[in-house]
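> Below: one structure in structure tokens.
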Amino acid sequence: MLARVYTAAINDRVAGPALELLRRVCQPDSSSLPHITIRYESDSQTAHDEKLYQDYSFIPSLSLEEPGTFDAIPIASSASTIFLRCDADELEWLAYKPDFPDSFFHATVYDGPPSEFAAAVFSVLQSFQWGLQVDMSESRVIRKRRRPVSANSAASKPSSTLSNGAQNLLERLGGSAALLFERSTVRHDDQLLRISTNICSYLHEQLVPRAAATTGTARPVQRLPDPARQNNFWEAGDLAPALANSRLSIAQRKSGIVTTPPEVAIEILQKCGTYVDAQDDVHFGDPAIGSGIFFAAAVQRFQSRLKDGVGVELDGARAALTSRRWRARNLGVYVGDFVSTALDNASGTVLQNLMRNQANPNLIVANPPYVKNQGIEPGSKEIWVDKLRKRGFNVSKASDLYVYFLLASDAWLADGGISAWLLPSEFLFTGYGSAVREYLSTQVELLNVHLYSGGSRFANARVSSCVIIFRKRVPRNDHVTLFTSGDSMTRPALTTSVRSSDLRRDEKWHTYFWKLKVRPEVSHPDQTRLGDLFRIRRGIATGANDEFLLTSAEVKELEIEREWIKPVIPRPRYLRSAIIEAADDGTPLIDDFLWMIDCDVPLNILEKQSYKFANYLREVRLKVGDRTLLRRRKVFYKQEGALPAPYLFTYMARDALVPWPIFLE
């Protein structure tokens, strides 16, 4: 499978040749030149705006921080990869490796089976004090496509030569190419270790340490107090820095980790910037900070106006990495369960007393974990619902985790502050989403609701994504919310406006997106639309599915004739094929389909042919006959006259990212 890889070469006159030579000393069969990988994803993952990377060329510097391995405890003798960890704050907002959520920038020194020599080089690296600044002004972010390498391909046969800069440095340090590339027969490990030591000394002589003004110290990663009866449904990691770089584990997936793509994060922060007063300092908060992608985007968007930040993360190892990464930007990261802590009265006024050295955030941006209701510990759920209801939020116990995150953060956000949330779009129409809709329409000024078109925005989650932005201020009745849709939030294709009074009145909000209007600058009247090719109709509305849809056993029991009913296919998730074949009488050749009552024979005539069926219909009329749709019919059990459609497009399916068609034979 092809992979899209974005890298920045370390090609200055000092570090570039030195790191190239160090790699070839440790691993002469390597053909890799010094670089850091910024984005790595397979082509099967979601598409993105490559212009974001093509237009970015500002990489002033990079810092060589310290040697490391990808083991939780760096034991060189068992390490298969040795690297120098790198810091590059200006590139953090572009970093994206969805299969490696805890990854960090690094320049690889050795990548192969554990060896005694590689372990010895690692010991040499550890003997030096790092934190060296590398000039990256000549470097650019470039894209490569990485193909699987076959044993016979040219790519699998590295060159036995060095660049001119590395060759000159090797000669300066008293070595030769033969010492590197012919050591398979004659080993000179002592000489090679001496050269490795001299390379490190050369780097420390030629490069300056990080400027003291920007060095900073990682703020202590503190653990939030455990509220009484708190039940965590994730496993909290150690406070030691995480050096694991493995693929997303089952435990991580269950915890709802969904890495936010840079193009989504930066445009959310750009949109937030239009609502934040241009004169205000920014105090940032993220209740599910993860690797800090939103903080990185905030650094890029607000620059010096971003004064500090607070993040909460349940995984201690991830929290330590994020704190260390942003030690120069005054980010405090706390380890613990945000929802339980925020709702715990015993801990003071939410999180403010705990974080007393910082102002309440006036900008909260979050992508909360995507954990379904069934994945939340019942004990935690009961406590959360009870505490939120006492605060006036009518929360359902069927709520997914993001509902609790959003409502629990209300007291943390400063009055007048801006908050943006990347959520599943289900809150627009689900029953449990009513608590969110009520909060957004009555407690805050809902500024923008954007529904991303097409498939998922994420590489590791199948979810329809929606962004909400609001200001913590009670809305006036004439306040207007912008509803938009399209591939980009900052350049939406469709838009409409909805008043607060309508938001409060309407039970569900997904219908607003049916009324979106095409913006003139993105209208394409010459393009062919679905309506030009098909006659599009909605499905049949019976008015009472529970009464008018029957199983085959019920049809037999009520003695219903075939001409009084029509077969109905089951829900898409129960279908095993996208093509449904039928018998000569139209009966679908599938299991577990239902029958829909569709008859215009008067009841007094029906009872002569089937007393049981007529009596059943009389009971239905008493039960639901006052419903509007049924009252309007001449015969309340006669359905609308729609012809069977050859194609059925479903709006959701278990294994599909987008609506998909069912073909009816």
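Okay, residues lined up against (1) at pLDDT below 90; (2) crowded, with 19+ Cβ neighbours inside 10 Å:
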| position | (1), (2) |
| --- | --- |
| P67 | no, yes |
| F83 | no, yes |
| D99 | yes, no |
| M136 | yes, yes |
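> Please state which of the following conditions I75 fails to meet, knowing it meets all the rest: (1) of a type in the set (A, V, I, L, M); (2) more than 30 Å from the chain's Cα centre (by Cα); (3) modelled with pLDDT of 80 or more.
Unmet for I75, out of (1) of a type in the set (A, V, I, L, M); (2) more than 30 Å from the chain's Cα centre (by Cα); (3) modelled with pLDDT of 80 or more: (3).
> Moving on. Please specify each residue of the stretch 541-552 satisfying the condition of being aliphatic (A, V, I, L, M) and open to solvent by 70 Å² or more (accessible area, probe 1.4 Å).
If the condition is that a residue be aliphatic (A, V, I, L, M) and open to solvent by 70 Å² or more (accessible area, probe 1.4 Å), then no residue fits.
> A further question on this structure: Spot the failing condition for K51; the list is (1) under 21 Å from M136 (Cα atoms); (2) modelled with pLDDT of 75 or more; (3) not aliphatic (A, V, I, L, M), and only one is missed.
(2)
> If you check S399 against the conditions, is it crowded, with 23+ Cβ neighbours inside 10 Å and touching a residue at least 12 places away in the same chain (Cβ under 8 Å)? Lay out the reasoning, then the answer.
Values: crowded, with 23+ Cβ neighbours inside 10 Å: yes; touching a residue at least 12 places away in the same chain (Cβ under 8 Å): yes.
Yes: the conditions hold for S399.
> If you don't mind, another one. So, in the stretch 592-615, of the ones that are polar (S, T, N, Q) and touching a residue at least 40 places away in the same chain (Cβ under 8 Å), which residue ends up surrounded by the most Cβ atoms within 10 Å (Cβ to Cβ)?
Among those that are polar (S, T, N, Q) and touching a residue at least 40 places away in the same chain (Cβ under 8 Å), it is S610.
> Does the stretch 521-538 include one or more residues that are at pLDDT 90 or above and either surrounded by 17 or more Cβ atoms within 10 Å (Cβ to Cβ) or among the hydroxyl-bearing types (S, T, Y) (or both)?
no
> So which pairs qualify, if the first residue must be in the stretch 550-578 and over 22 Å from A642 (Cα atoms), the second must be charged (D, E, K, R) and open to solvent by 40 Å² or more (accessible area, probe 1.4 Å), the Cβ gap must be under 6 Å, and the two must be at least 6 apart or on different chains?
L558/K612; E559/K612; R573/R654
> Could you check, for the stretch 308-318, whether at least one of its residues is of a type in the set (D, E, K, R), closer than 22 Å to P262 by Cβ and over 23 Å from the mean Cα position of the chain (by Cα)?
no
> What pairs come up if the first residue lies in the stretch 416-437 and is without any contact (Cβ under 8 Å) to a residue 60 or more places away in the chain, the second is open to solvent by 10 Å² or more (accessible area, probe 1.4 Å) and in a strand (DSSP E or B), and their beta carbons are under 8 Å apart, counting only those six or more places apart or on different chains?
G416/R471; G417/R471; S419/R471
> What do you reckon, is D135 closer than 20 Å to L21 by Cβ, of a type outside the set (F, W, Y) and in contact with an Asp or Glu (Cβ under 7 Å, 6 or more places away or on another chain)?
yes
> If we keep just the residues of the stretch 553-584 that are small (G, A, S) and more than 44 Å from the chain's Cα centre (by Cα), which is most open to solvent (accessible area, probe 1.4 Å)?
First, the residues of the stretch 553-584 that are small (G, A, S): 553, 577-578, 582-583.
Going one step further and asking which of them are more than 44 Å from the chain's Cα centre (by Cα), we end up with 553, 583.
Values: A553: 72, A583: 40 Å².
Here the answer is A553.
> Can T274 be described as within 16 Å of P101 (Cβ to Cβ) and polar (S, T, N, Q)? Step through it out loud before you land on a result.
On the way: within 16 Å of P101 (Cβ to Cβ): no; polar (S, T, N, Q): yes.
So T274 does not fit the description; no.
> Another question about this same structure. Please determine whether any residue of the stretch 616-637 is of a type in the set (S, T, N, Q), farther than 18 Å from K566 by Cβ and surrounded by 12 or more Cβ atoms within 10 Å (Cβ to Cβ).
no
One line per residue, one yes/no per condition, for (1) modelled with pLDDT of 90 or more; (2) in contact with a strand residue (DSSP E or B) (Cβ under 7 Å, 6 or more places away or on another chain):
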{"site": "F427", "(1), (2)": "yes, no"}
{"site": "E445", "(1), (2)": "yes, yes"}
{"site": "R471", "(1), (2)": "yes, yes"}
{"site": "V474", "(1), (2)": "yes, no"}
{"site": "V480", "(1), (2)": "yes, yes"}
{"site": "T484", "(1), (2)": "yes, yes"}
{"site": "T511", "(1), (2)": "no, no"}
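> Which ones in the stretch 484-501 are touching a Lys or Arg at 6+ places or on another chain (Cβ under 8 Å), surrounded by 15 or more Cβ atoms within 10 Å (Cβ to Cβ) and touching a residue at least 24 places away in the same chain (Cβ under 8 Å)? Write out each step before concluding.
Keep residues of the stretch 484-501 that are touching a Lys or Arg at 6+ places or on another chain (Cβ under 8 Å), which gives 489-490, 492-496, 500.
Filter again for surrounded by 15 or more Cβ atoms within 10 Å (Cβ to Cβ), leaving 489, 492-496, 500.
Of everything in the stretch 484-501, those that are touching a Lys or Arg at 6+ places or on another chain (Cβ under 8 Å), surrounded by 15 or more Cβ atoms within 10 Å (Cβ to Cβ) and touching a residue at least 24 places away in the same chain (Cβ under 8 Å) turn out to be M489, P492, A493, L494, T495, S500.
> Being open to solvent by 100 Å² or more (accessible area, probe 1.4 Å), at pLDDT below 90, closer than 25 Å to E563 by Cβ and not hydroxyl-bearing (S, T, Y): is that true of R654 here?
Working: open to solvent by 100 Å² or more (accessible area, probe 1.4 Å): yes; at pLDDT below 90: yes; closer than 25 Å to E563 by Cβ: no; not hydroxyl-bearing (S, T, Y): yes.
Answer is no for this residue.
> Just checking, does the stretch 456-464 include any residue being at pLDDT 90 or above and not in a strand (DSSP E or B)?
no
The values are calculated or read from the model by the stated rules, or taken from the named source; none is laboratory data. Since this is a predicted model, take the numbers as computed values, not measurements. Please note: Cβ atoms are built from the backbone with ideal geometry, for glycine as well, and neighbour counts cover all protein chains shown. Surface areas here come from the heavy atoms of the whole protein model, side chains and all, with no ligands, DNA or RNA. Shrake-Rupley method; radii C 1.70, N 1.55, O 1.52, S 1.80 Å.
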